Amino acid sequence: MHASPEHSRTRRERTSPSTARAPFGVREAAAAVLTVTVALYIALVAFGNITDFDTNRQFVRHVLAMDTTFRDEDLMWRAVTSRTWQDAAYVAIIVWETAAALVLIAGCWLWLRRDVPRARRTSAAGLLMLLLLFGAGFMAVGGEWFAMWQSEKWNGLDAAIRIVVLSGVSLLTVLATADRPGGVAHPDRSGPSGPGTRPGVG
């Protein structure tokens with residue numbers, strides 16, 4: 001008994017690798033380039049903090065100690081003067097940066113393989129980690145709670161804003177790859193209709 005041409009075509013569509021992946025166009029290429037850019041940047045930041053440990057340790061110490069702010073007595077109770085806690089915070093920042101870099105590097109690899117759904121999820125996770133660190137951590141906690149904006153010498157708000165903007169734009173670009181119609185094949189579109197399927201409904 002020979003299979004009909006229609007059944008053969010359906011079987012080929014089901015097994016074809018292209019139906020399991022979203023198309024790779026301009027939006028996907030832009031998302032990949034931005035992911036690579038941010039991954040490279042944060043990897044170099046983490047590497048610099050590890051190999052030149054003391055430079056930014058002094059930054060974290062002064063920010064937490066609030067010793068270069070206006071020293072308003074209504075705010076100084078927030079200061080963290082323990083060197084142990086200051087260094088623990090700095091190490092935690094480096095660990096978080098390193099983890100975000102590794103997640104983004106994994107996202108880069110998935111973009112290279114054109115595995116768009118997994119690349120999108122992985123890249124979005126890494127970018128959200130950076131938004132949390134530099135948005136909530138540096139801008140909110142450092143800038144407002146520890147009044148970093150008052151310091152002329154130890155003020156990292158400009159750098160934090162740049163990273164937040166870059167990460168935010170990258171995240172929006174990455175998420176935009178999910179808007180492509182027909183990006184991922186649905187079983188009910190590629191296979192024959194049956195009692196439990198509704199043709200044309202995603």
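The values are calculated or read from the model by the stated rules, or taken from the named source; none is laboratory data. If you're wondering where the values come from, they're calculated on a predicted model, not measured in any experiment. No Cβ is skipped: glycine too gets one built from the backbone with ideal geometry, and neighbour counts run over all protein chains shown.
Of the residues making up the range 124-151, those that are in contact (Cβ under 8 Å) with a residue 60 or more places away in the chain and of a type in the set (A, V, I, L, M, F, W, C) number 6. The lone criterion from (1) on the phi > 0 side of the Ramachandran plot; (2) free of Cβ contacts under 8 Å to residues at least 60 places away in the same chain; (3) touching a Lys or Arg at 6+ places or on another chain (Cβ under 9 Å) left unmet by Arg71 is number (3).
Do we find a residue being closer than 19 Å to Gln86 by Cβ, outside any helix (DSSP H, G or I) and touching a His at 6+ places or on another chain (Cβ under 9 Å) anywhere in the range 156-172? Looking for residues that are closer than 19 Å to Gln86 by Cβ, outside any helix (DSSP H, G or I) and touching a His at 6+ places or on another chain (Cβ under 9 Å), one finds none in the range 156-172, hence no. Just one of (1) at pLDDT below 95; (2) surrounded by fewer than 16 Cβ atoms within 10 Å (Cβ to Cβ) fails for Ala159. It is (1). Taken across the range 74-82, residues that are out of contact with any helix residue (DSSP H, G or I) (no Cβ under 9 Å at 6 or more places or on another chain) and of a type in the set (D, E, K, R) do occur, with at least one present.
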